[in-house]
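Colleague: Let me begin by handing over the structure; questions about it come next.
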């Protein structure tokens, strides 16, 4: 989803979603949904990178005092 341009994603949601899911969606909500899908992919990548950047020693120290993510 991150490699798809936002305009293409908006068009897919506005024209493709009603054909696949048989629902009607306004232009506004198609834009909101497309932006939410796009931004959630970027946020997931940011959180993944943040979790992976934690040093192994820090991770083991957190486990030793019963902390989780």
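The values are calculated or read from the model by the stated rules, or taken from the named source; none is laboratory data. These numbers were taken from a predicted model, which means no experiment stands behind them. Positions of Cβ are backbone-derived with ideal geometry, glycine not excepted, and every protein chain shown enters the neighbour counts.
Colleague: Of these, 40, 66, which one is at positive phi and loosely packed, with under 12 Cβ neighbours inside 10 Å? Spell out how you get there, then give the answer.
Modeller: On the way: 40 fails: at positive phi.
Exactly one of 40, 66 is at positive phi and loosely packed, with under 12 Cβ neighbours inside 10 Å, namely 66.
Yes or no, residue by residue, for (1) surrounded by 12 or more Cβ atoms within 10 Å (Cβ to Cβ); (2) modelled with pLDDT of 95 or more:
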residue	(1), (2)
2	no, no
6	yes, no
19	no, no
22	no, no
25	yes, no
32	yes, yes
